[in-house]
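Novice: Before I ask anything, here is the structure I am working with.
The values are calculated or read from the model by the stated rules, or taken from the named source; none is laboratory data. On a predicted model such as this, the values are computed, not experimentally measured, just so you know. Positions of Cβ are generated from backbone atoms using ideal geometry, with glycine treated the same way; all protein chains shown enter the neighbour counts. These accessible areas exclude ligands, DNA and RNA; they are computed on the full protein's heavy atoms, side chains included. Shrake-Rupley method; radii C 1.70, N 1.55, O 1.52, S 1.80 Å.
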Amino acid sequence: MAAVELENIAATLGKFAFPRKFAVEICAECNLACSMCHHPSMKRPKGTMPFPLWQKCADEIAAVSPRTECWFSFCGEPLLEPELLLRCLAYGRSVGLKSLNINTNGMLLTPDLDDAILGSGAHLVVFGVDGFSKASFEKYRVKANRDVVYANVERLLSRRDEIGSKLAIQVQFITMEDNAHEVDDYKAHWLARNAVVKVRRQLSWGGQFETGLGISNDERIPCPWAVTMMHVFWDGRVPRCPGDTEGEEGAGNAWHDSLANLWAKLGRYRELHLERRFDELPERCHKCTDWMTGAAERVRPEADAVPVEPTWQRLNAVAAK
């Protein structure tokens, strides 16, 4: 990655009075044990967010910054709690939130959820699909079945286009050692099925993983995650940043304080980033490389792309024989 690319990212950062993105952990459990994710080693208690906590957060976001991107994801799989997810989306829509987004591994997207999600008011669904071949996909997405995930995503895409839904659907490919050579085939597959393809670099999750990006600290820029995002755990605790996955350096609890106050309490860390006083940041920041991963490539399908028979239809046809 060239230094100019990093500086282009840095130029978009500033002193934001309220988070640009807000990640909501409605569930801290996950059905997978992905090899590049911190979740398998997470020690903090796991649980499900009470709906009134989301109502409190949504009401404040709607009043202060309705265009803040709300992401239903962080340290758990939201489709483990589909009824709660749909209820949260409906409430967010009812109070005027303008950006409601889902990040899922796709394994639990059963056919009965397709129309519910398409009609939920969500603006974007991002599926983590990190591989084209079965071998590479299942190496990283541990406990997932490549063919099931591909079929689920293709079915939702097909249904979306059939009914004319405006839901944006992305498939996200995290480039790693054993899947980078599959990017071109992956793009061709998903673009032909009318999905937006997002290719991004691997996160270190606050320095917990080696990413092999090979970027010198001399090129360091303010961390886009720390400067733009706020996260809330299922129990209301607000960690310092996404690298603080255990909540060891939290700012407080959204049950007891406003999001605006919690964001302000974290402001001194953002100032250190923006002033590039990186040596004064907490120890976790010294080994974290997530500031390198702020950019992603997004490729949109051509309007005249030739339709391709979805995997889920092929699987159904085989099963019927």
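Novice: How do the pairs read when you match residues in the range 68-90 that are basic (Lys, Arg) with residues anywhere that are open to solvent by less than 10 Å² (accessible area, probe 1.4 Å), using Cβ under 9 Å and keeping only pairs 6 or more apart or on different chains?
Specialist: So the pair list comes out as ARG87/TRP54.
Novice: Then there's this: With the checklist (1) at pLDDT 95 or above; (2) in a loop (DSSP other than H, G, I, E, B); (3) open to solvent by 70 Å² or more (accessible area, probe 1.4 Å) in hand, flag the one item PRO307 doesn't pass.
Specialist: Every condition holds for PRO307 apart from (1).
Novice: Considering every residue within the range 182-201, establish whether at least one is modelled with pLDDT under 95 and in contact with a Leu (Cβ under 7 Å, 6 or more places away or on another chain).
Specialist: Yes, the conditions are met somewhere in the range 182-201.
Novice: Which one of ALA23, ALA17 is under 28 Å from ALA254 (Cβ atoms) and buried (at least 20 other Cβ atoms within 10 Å of the Cβ)?
Specialist: ALA23
Novice: Could you check the range 1-116 for helices (runs of 4 or more DSSP H) lying wholly inside it with 2 or more residues that are farther than 18 Å from TRP225 by Cβ and touching a helix residue (DSSP H, G or I) at 6+ places or on another chain (Cβ under 6 Å)?
Specialist: 51-64, 82-94
Novice: Can you pull out the residues in the range 187-205 that are crowded, with 17+ Cβ neighbours inside 10 Å and over 25 Å from HIS38 (Cα atoms)?
Specialist: Answer for the range 187-205, where residues must be crowded, with 17+ Cβ neighbours inside 10 Å and over 25 Å from HIS38 (Cα atoms): LYS187, HIS189, TRP190, LEU191, ARG193, ASN194, ALA195, VAL196.
Novice: What's the total number of residues in the range 280-299 that are surrounded by fewer than 22 Cβ atoms within 10 Å (Cβ to Cβ), under 22 Å from the mean Cα position of the chain (by Cα) and part of a loop (DSSP other than H, G, I, E, B)?
Specialist: Count: 1.
Novice: Something else now. Name the residues in the range 251-279 that are among the aromatic types (Phe, Trp, Tyr), closer than 24 Å to GLU7 by Cβ and within 24 Å of the chain's Cα centre (by Cα), would you?
Specialist: Correct list: TYR269 only.
Novice: Further question: Tally the residues that are crowded, with 20+ Cβ neighbours inside 10 Å and assigned to a strand (DSSP E or B), restricting the search to the range 238-279.
Specialist: Qualifying residue count for the region: 1.
Novice: Is it the case that some residue within the range 161-169 is part of a strand (DSSP E or B), surrounded by fewer than 21 Cβ atoms within 10 Å (Cβ to Cβ) and at pLDDT 95 or above?
Specialist: Checking the range 161-169: at least one residue is part of a strand (DSSP E or B), surrounded by fewer than 21 Cβ atoms within 10 Å (Cβ to Cβ) and at pLDDT 95 or above.
Novice: Here's something else I'd like to know. From the residues in the range 33-77 that are among the small types (Gly, Ala, Ser) and modelled with pLDDT of 95 or more, which one is farthest from ASN145 (Cα to Cα)?
Specialist: Filtering first and then ranking leaves ALA63.
Novice: For the range 120-135, indicate whether the set of residues that are among the charged types (D, E, K, R) and open to solvent by 10 Å² or more (accessible area, probe 1.4 Å) is non-empty.
Specialist: Among the residues of the range 120-135, at least one is among the charged types (D, E, K, R) and open to solvent by 10 Å² or more (accessible area, probe 1.4 Å), which makes the answer yes.
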